[in-house]
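First up is the structure itself, then whatever we jot down about it.
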2 protein chains.
Amino acid sequence: MHILVIGAAGMAGRKLVERLAKDGRLGGKAVTKATLHDVIEPTAPAGAPFASKTLASDFSMPGEAEKLVAEKPDVIFHLAAIVSGEAEREFDKGYRINLDGSRLLFEAVRALNMQSGGAYKPRIVFTSSIAVFGAPFPEAIHDEFFTTPLTSYGTQKAIAELLLADYTRKGFFDGVGIRFPTICVRPGKPNAAASGFFSNIIREPLAGHEAVLPVSEDVRHWHASPRAAVEFMIHAATIDGEKLGARRNLTMPGLSCTVGEQIEALRRVAGDKVVARIKKVPDEAIIKIVAGWPRNFDASRAESLGFKAEKSFDDIIRAHVEDELGGKIA
Amino acid sequence: MHILVIGAAGMAGRKLVERLAKDGRLGGKAVTKATLHDVIEPTAPAGAPFASKTLASDFSMPGEAEKLVAEKPDVIFHLAAIVSGEAEREFDKGYRINLDGSRLLFEAVRALNMQSGGAYKPRIVFTSSIAVFGAPFPEAIHDEFFTTPLTSYGTQKAIAELLLADYTRKGFFDGVGIRFPTICVRPGKPNAAASGFFSNIIREPLAGHEAVLPVSEDVRHWHASPRAAVEFMIHAATIDGEKLGARRNLTMPGLSCTVGEQIEALRRVAGDKVVARIKKVPDEAIIKIVAGWPRNFDASRAESLGFKAEKSFDDIIRAHVEDELGGKIA
């Protein structure tokens, strides 16, 4: 089977491709070819049992989506996005990539579907976000809660979800949208995202560095590991679409915990010495932003469909130590 | 004040314009000019105390939206839409008018807003639909129920709602989206819409004609009169936007009743002779379509914001007799 990954150079895309390379299969079928696309050229996976083609382009430009799907990939992972902060600052760019890019992709697949008399009907896995929700929230956001985003990014994701569901209902392709929790522990360097500290306070101390905690320990948030995120994408690619019916967009399971609980988990896994590397430096701007974020979800539907996330933050930390640190804590 | 009505030739648009012509004012301010637009040229209202300009064009064509808003109308009523059945049959046309047309309008207003340093910030009243919801439903659809439309029309309306809220949040204009109940009693001729019978079984017997009832009397649905619909639009044009906060799209109040209750109301208002003109001819296709439609809503939020609908179907019938039949029943 031929797999297309759009957004293959991002964190989730890279981890997905590594996993496909390791497994060599998806849903019981051998992967024979991977087309890896991003705005910068992705790296082909080392040691994969299939051929990889890597491509760089702006997929929202006229004709690009058609080129990407021309070989009729069996499964399309659509992970490409302008992230939240950038989409908020650059209104036109956010809409162009996150809305128009998604729609052009869906249109390109629809054209092939119609040309083939309906025979070409690939699974499209679309990574959405809990940013489709906007405060005020119930205690736990349930599966039928409405989408009233408070960012342009969340708006664009919610619109792409609606398109995905309608194109699927019309039979143009077989779409599954998955709303990721905040991915924690994010590998790599600390970044300027307001949500960065959730990962920074775990990743940096484990690597022997100090990290800044800008909010109070009672801040509650919704997490899943990069390992769980890969599992979500794999499961979304292989699940029986009939089981989803018309409601094609799912809040993924995750773990709701406070920053204090994150820190106590770090203490259990890595000890007091590591925890001592967290420095509390309150930042009013970040405190204000985070106050409007979701704290907890009831993701029953996705759970009943077989999506799984970590049950404890200790497990999230252990996944990071195993996957990113080769089992070693500094 | 200058008012622009896009979709002025439709039933709701005509009734809105007649009302504006009669009042001569909106929200306490004199209307000095009305620009009336539709795909076919609308009729200027008779005896209006303001100048009317009538225009016909396809507002989704490049440059048309810019022309419509170039004179910076103070209030824009955006009622233009391809209706449900047509949008379902003609996928591209539905998306072009209902999604792209709305977005081009919002973009044209945004451009003027930005050129004016934020000074130009009109109220936009957008008429959405309960078609943004898709079965299965709770007993009464509440204000925080999610939008999982089962038609392309509903999808396009839900997307336009999201855009309206995001453009409003960004300060480009001041939008209010209102989801109409099924409008009953619709004036005019019987039409082929699956929902037509809800009006046909009242309007035709009152005018001395027979009408076909294709479903059973226990079918429950959600109604408001054309008179209430005009009130919704006027109230949405004049309400303090601050009261709405970030959640800009509202399910309008309405009346939930069964077809049997409609018929009993007709009997009370017009007598047995009129009711006898309803002929029961079950239509399996219509029965199936209607089974997936909303039956009842809890529109608390709109009610608390001052939107009002009829409290009894008798009142809906009386409004029709007064407004359309000059008080006379055949």
**OP:** Out of B:Arg277, B:Arg301, report the one residue that is modelled with pLDDT of 95 or more, under 19 Å from the mean Cα position of the chain (by Cα) and surrounded by 14 or more Cβ atoms within 10 Å (Cβ to Cβ).
**Re:** B:Arg301
**OP:** Return yes or no: is A:Leu104 over 22 Å from A:Ser256 (Cβ atoms), within 14 Å of chain B (Cβ to nearest Cβ) and surrounded by fewer than 24 Cβ atoms within 10 Å (Cβ to Cβ)?
**Re:** yes
Original post:
Before we move on, is B:Thr155 in contact (Cβ under 8 Å) with a residue 24 or more places away in the chain and either β-branched (Val, Ile, Thr) or in a strand (DSSP E or B) (or both)?
Top reply: no
**OP:** Answer yes if at least one residue in segment A:81-104 is under 23 Å from A:Gly154 (Cα atoms), part of a strand (DSSP E or B) and of a type in the set (Val, Ile, Thr), and no otherwise.
**Re:** no
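Of the residues B:Arg295, B:Arg267, B:Arg318, which is farther than 17 Å from B:Glu217 by Cβ and out of contact with any Pro (no Cβ under 7 Å at 6 or more places or on another chain)?
Details: B:Arg295 fails: farther than 17 Å from B:Glu217 by Cβ; B:Arg267 fails: farther than 17 Å from B:Glu217 by Cβ.
After ruling out the rest, the residue left standing is B:Arg318.
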**OP:** Filter segment B:146-174 down to residues that are in contact with a strand residue (DSSP E or B) (Cβ under 7 Å, 6 or more places away or on another chain) and among the acidic types (Asp, Glu) and give me whichever is surrounded by the fewest Cβ atoms within 10 Å (Cβ to Cβ).
**Re:** B:Asp174
**OP:** Give segment A:112-136 a look and list any residue that's among the aliphatic types (A, V, I, L, M), away from chain B (no Cβ under 13 Å) and in contact (Cβ under 8 Å) with a residue 60 or more places away in the chain, or say none.
**Re:** A:Val125, A:Ile130
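Residues A:Val215, A:Val269: which one is β-branched (Val, Ile, Thr) and under 27 Å from A:Ala285 (Cβ atoms)?
Values: A:Val269 fails: under 27 Å from A:Ala285 (Cβ atoms).
Unique residue meeting the criteria: A:Val215.
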Original post:
Is there a residue in segment A:37-47 that is part of a strand (DSSP E or B) and under 25 Å from A:Ala119 (Cα atoms)?
Top reply: yes
Subject >> Out of A:Ala65, A:Ala87, sole residue that is within 30 Å of B:Phe106 (Cα to Cα), in contact with a Gly (Cβ under 6 Å, 6 or more places away or on another chain) and of a type outside the set (Val, Ile, Thr) >> reply: A:Ala87
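Can you list the strands (runs of 3 or more DSSP E) found entirely within segment B:202-305 that contain at least 1 residues being under 23 Å from B:Lys157 (Cβ atoms), more than 14 Å from every other protein chain (Cβ to nearest Cβ) and in contact with a strand residue (DSSP E or B) (Cβ under 9 Å, 6 or more places away or on another chain)? Explain how you work it out, then say what you get.
Working: elements: B:211-213, B:220-224, B:249-251, B:255-258, B:278-280.
Correct list: B:220-224, B:255-258.
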Original post:
Only one of (1) more than 9 Å from every other protein chain (Cβ to nearest Cβ); (2) of a type in the set (Gly, Ala, Ser); (3) in contact with a Leu (Cβ under 6 Å, 6 or more places away or on another chain) is not met by A:Ala160, so which one is it?
Top reply: (3)
Subject >> Residue within segment B:112-124 that is closer than 22 Å to B:Thr32 by Cα, crowded, with 24+ Cβ neighbours inside 10 Å and under 19 Å from the mean Cα position of the chain (by Cα) present >> reply: yes
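Within segment B:138-172, which residues are of a type in the set (Phe, Trp, Tyr) and in contact with a Lys or Arg (Cβ under 7 Å, 6 or more places away or on another chain)? Spell out how you get there, then give the answer.
Looking only at segment B:138-172, we keep the residues that are of a type in the set (Phe, Trp, Tyr), and these are B:145-146, B:153, B:167, B:172.
The answer is B:Tyr167, B:Phe172.
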**OP:** Could you give me the residue pairs with C-beta distances under 7 Å whose first residue belongs to segment A:57-69 and is within 16 Å of A:Tyr120 (Cβ to Cβ), whose second residue is in a helix (DSSP H, G or I) and of a type in the set (Gly, Ala, Ser) wherever it lies, and which are 6+ apart or on separate chains?
**Re:** A:Ala65/A:Ala108; A:Glu66/A:Ala108; A:Val69/A:Ala108
**OP:** Return the residue satisfying two criteria in turn: it lies in segment A:142-157 and is within 19 Å of the chain's Cα centre (by Cα) and either among the charged types (D, E, K, R) or at positive phi (or both), and of such residues it is nearest to the other protein chains (Cβ to nearest Cβ).
**Re:** A:Asp143
Original post:
Failed condition for B:Ala70, given (1) under 27 Å from B:Phe146 (Cβ atoms); (2) surrounded by fewer than 17 Cβ atoms within 10 Å (Cβ to Cβ), with all others met?
Top reply: (1)
Subject >> Cβ-Cβ under 6 Å pairs, at least 6 apart or on other chains, segment A:300-316 side in contact (Cβ under 8 Å) with a residue 60 or more places away in the chain and among the basic types (Lys, Arg), far side surrounded by 13 or more Cβ atoms within 10 Å (Cβ to Cβ) and assigned to a loop (DSSP other than H, G, I, E, B) >> reply: A:Arg301/A:Asp143
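When you look at A:Glu139, is it within 18 Å of B:Leu163 (Cβ to Cβ) and either within 17 Å of the chain's Cα centre (by Cα) or more than 9 Å from every other protein chain (Cβ to nearest Cβ) (or both), yes or no?
Taking the combined requirement at face value, the residue does not satisfy it.
The values are calculated or read from the model by the stated rules, or taken from the named source; none is laboratory data. Treat the numbers as computed from the prediction; the structure is a model and nothing was measured. Glycine also receives a Cβ, built like all others from the backbone with ideal geometry; neighbour counts cover every protein chain displayed.
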